[in-house]
Amino acid sequence: MSMSIVTSKEMFEKAYNGGYAIGAFNVNNMEIIQGITEAAKECQAPVILQVSSGARKYANRTYLVKLVEAAVIETGLPICLHLDHGDTFELCKSCVDDGFTSVMIDASSKSFEDNIALTRQVVEYAHDHGVVVEAELGTLAGVEDDVNVSAEDSSYTRPEDVQEFVERTGCDSLAIAIGTSHGAYKFKPGTKPQLRFDILEEVSKRLPGFPIVLHGSSSVPQEYVQMINEHGGNMPGAIGVPEDQLREASRLAVCKINIDSDLRLAMTGTIRKFFDENPGEFDPRKYLGPARENIKQLVKHKIINVLGCDGKA
Ligand code: G3H
Ligand code: 13P
Ligand code: ZN
């Protein structure tokens, strides 16, 4: 039987009904892809590997697709290849043409009508090619690629908008804003992070059975923040989303949870510590290997304790 990259359609149906979520992890190079997919294999978990426009520029359009195909061969798992935060029709089309099985069109900074029009255009092209589409309503605080959305500008998703948006666009999943944000500085130090479960509930009441996506869902493990700070880094006040709240969201309508920053912290912490302890070492495998291993352990932890998707492949 030949294995290939799959869409998230079946993954989300099972996740919705099973009260768990699929992890969507950002990938930029081979070691990150290996760390994530080795963890998924050991846990027999379905997984989404997502590529941002920045990642696609960094690695070029061929390498990440081929590395993900390699991961499918190595693991035999259902793996979905997703474009994260596509901002134009052309970028989404290009990824569909390259073999992505899922694309996000993020027109959340546009007006409601312009968001609908652009999302609809992407849906028409993607669906014609068997590819699913994630859209976004509401704005997250923090850094999305190069665009800086200040905390004051962040606006929660309006539940009264979601039904019309999904009906008119035909999108397959919807990212909503309920208090998460991108990056490692999500909440003010000293305050108690609390996601807006009331909004999530209102949204899911209006969209029964429809998969909801949470961006900005890193939890910023203090173990790695400390490791970075103890080995020459400087990241005071880095705070993420509590893992128990993500676990709760994944029991509800949330079927996809996006995690990037946590992997960056694990990789950077591991490498900083390595160089601090091994100043004479210059073989990249000596530090990329442990970084890959720590990404793997972190993803296993997410799969088992946050997403609940272990054994669901
Ligand atoms: O939401 C953004 C993701 O963390 C990807 O970040 O655009 O720097 O690749 P990036
Ligand atoms: P984090 O920065 O919280 O990891 O969010 C990643 C994300 O939402 C990618 O789209
Ligand atoms: Zn995001």
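The values are calculated or read from the model by the stated rules, or taken from the named source; none is laboratory data. Being a predicted model, the structure only gives us computed values, none of them experimental. Here the Cβ positions follow ideal geometry from the backbone for every residue, glycine too, while neighbour counts run over all protein chains shown. Protein only, heavy atoms only, side chains kept; ligands, DNA and RNA dropped before computing areas. Shrake-Rupley method; radii C 1.70, N 1.55, O 1.52, S 1.80 Å.
Modelled this way, with points 7 Å down the Cα-to-C-beta line, the labels at D244 and K188 are 2.4 nm from one another.
What a 1.4 Å probe finds exposed on the chain is 50% carbon and sulfur by accessible area, rounded to a whole percent. If I model a spin label as a point 7 Å beyond the Cα along the Cα-Cβ vector, how far apart are those points for F197 and R61 in nm? The two pseudo-label positions are separated by 4.4 nm. Taking amide H as placed 1.01 Å from N in the peptide plane, the amide H of A175 sits under 5 Å from that of A135, E136, L137, V213, each at least 5 places away or on another chain. Which GluC sites (Glu not before Pro) does the range 198-300 hold that lie in a coil by DSSP with at most 14 other beta carbons within 10 Å? Taking the range 198-300 and a limit of 14 other Cβ atoms within 10 Å, the loop GluC sites (Glu not before Pro) found are E281.
Ligands, DNA and RNA are left out, and with a 1.4 angstrom probe the accessible area of the range 1-136 is 41 Å² per residue. Per residue of the chain, the DSSP helices (runs of n ≥ 4 H) give a summed -39500 (n - 2.57) that works out to -14500 deg cm²/dmol at 222 nm. Spin-label model, Q297 to R158: label points 7 Å out along the Cα-to-beta-carbon direction sit 4.7 nm apart.
Which loop-located trypsin sites (Lys or Arg not before Pro) does the range 1-62 contain, where loop means any DSSP state but H, G, I, E or B and the Cβ has at most 16 other Cβ atoms within 10 Å? Counting only loop positions with at most 16 other Cβ atoms within 10 Å, the trypsin sites (Lys or Arg not before Pro) in the range 1-62 are R61. In the context of the full set of protein chains, residues of the range 206-313 present 43 Å² of accessible surface per residue (probe radius 1.4 Å, heavy atoms only).
At R0 = 41 Å, how high is the FRET efficiency between M3 and D283 if r is their beta carbon distance? Nearest 0.05 is fine.
0.80
Ratio of Rg to Rh for the range 1-57: 0.99 [Cα atoms; Kirkwood radius as inverse mean 1/r over pairs].
Can you list, largest first and rounded to whole Å, the semi-axes you get for the chain by taking the square root of 5 times each eigenvalue of its Cα gyration tensor?
Over the Cα atoms of the chain, the ellipsoid semi-axes are 29, 23, 18 Å.
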